[in-house]
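Just below is one structure, and these are the notes that go with it.
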Amino acid sequence: GSAGPITAVANEFLREQTPHNENESEEQLHRLFNPASYALPVGPPVSAAASLSALPPDDDVDRVSRLPDALLCDVVSRLPVKDAARTAALSHRWRGVWRSTPLVLHDADLLPDTSAVSRVLDAHPGPFRCVHLTSTRSQGFRGMLVRWLRLLAAKGVQELVLINCRWPLDYVLPASLLGLTTLTRLYLGMWKFPDTVGLPRATCFRNLRDLGLHNVLAERSDLDFILDRSPVLETLCVQGNVLKLRIRLVSQSLRCVKIIGCFIEEIFVLDAPNLERFIYSDAWHPVGNCTTTVKIGHAPKLHLLGYLVLDPTKHVLDVGNTIIKVSHISINSFNPTLHSSVNLTSFFS
């Protein structure tokens with residue numbers, strides 16, 4: 001079939017750059033789509049690069065194993081997944097500790113053996129504290145991802161980072177993603193969001209607090225679905241969407257919204273009574289004719305508004321009935337078209 005929007009932009013870029021092989025293509029893609037990601041975390045909370053060391057003992061007494069199980073679980077949860085799994089070989093007690101510890105799983109720590117990810121997900125009963133699937137490029141990755149997400153849905157996961165590293169860049173995420181009801185943080189990079197039309201009302205991210213979407217294809221109905229089914233969502237960051245999109249923000253829980261480098265026709269903060277920070281930065285558009293209107297409706301707690309545009313003649317900032325009470329307002333442009341019921345000039349004195 002025809003290439004999707006993200007893939008089409010990437011194809012045009014690669015034609016101009018004339019890569020010599022697949023690895024070079026992927027390196028160029030990462031330069032194109034990941035110059036600075038605000039929507040994705042820097043990395044997992046543990047690292048295989050960290051050194052593990054201990055002072056030599058004065059005797060042969062195993063004092064570590066005498067520690068309470070809760071403390072041992074805390075120690076194991078801070079280890080890279082390979083080292084955490086190795087503790088199970090120490091004794092029968094340590095096997096129990098490993099199985100009862102919410103693990104941190106990063107596929108980069110297990111590569112090039114992609115099957116090791118499956119073995120860890122099969123062997124551990126869950127829940128998982130943090131899972132980063134950001135580096136797997138094997139041919140069978142997407143097929144394995146369906147199974148991995150089902151296992152995580154059954155066993156529980158708190159934080160999930162999913163980045164697509166292979167063509168096509170707008171591959172549709174498995175629908176099993178929507179079954180991860182235990183998530184508190186979700187970050188997606190270079191995917192197409194699964195179709196949300198007709199899903200059961202019970203489908204809900206009831207614990208989700210942070211959501212980051214980096215170069216993710218999503219329709220307005222998908223974003224409406226996420227906001228409607230995420231009753232405690234506090235932070236939303238959307239970066240690098242290449243579709244002309246209209247965003248309507250209706251949420252009782254959102255406190256911070258960042259829209260960065262997206263091609264969006266309209267952003268309407270319709271009803272967000274707890275929104276405190278709103279940051280918008282536009283993007284270079286491949287055809288150069290993208291106009292964005294930002295409307296601030298009901299947001300009585302909004303106290304920080306960041307507004308950065310490259311071409312102020314093509315954008316509109318419309319502040320309606322919201323009164324921004326403190327001075328943390330940044331409008332960085334030469335001459336934005338501004339319609340407002342309040343006088344913003346007083347904030348710059």
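Read-outs: derived from the displayed coordinates by stated rules, not from any lab. Being a predicted model, the structure only gives us computed values, none of them experimental. Every residue, glycine among them, receives a Cβ derived from its backbone with ideal geometry; neighbour counts consider all protein chains shown.
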Contact order normalised by length for the range 99-173, with contacts defined as Cα pairs under 8 Å and 6 or more residues apart; what percent is it?
35 percent
The alpha-carbon center of the range 137-154 and that of the range 195-232 are separated, in whole Å, by 20 Å
Local electrostatic count, PHE278, Cβ distance below 12 Å [Lys/Arg +1, Asp/Glu -1]:
+4
Just list whichever of LYS82/LYS155; LYS155/LYS295; LYS192/LYS301 have alpha carbons separated by over 31 Å in the model shown.
LYS155/LYS295; LYS192/LYS301
Packing-based ranking, highest mean first, of 155-164, 267-276, 89-98, 132-141 given that Cβ atoms within 10 Å are counted
155-164, 267-276, 132-141, 89-98
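ARG255: net charge of surrounding residues, Cβ under 10 Å, Lys/Arg +1, Asp/Glu -1, itself excluded?
+1
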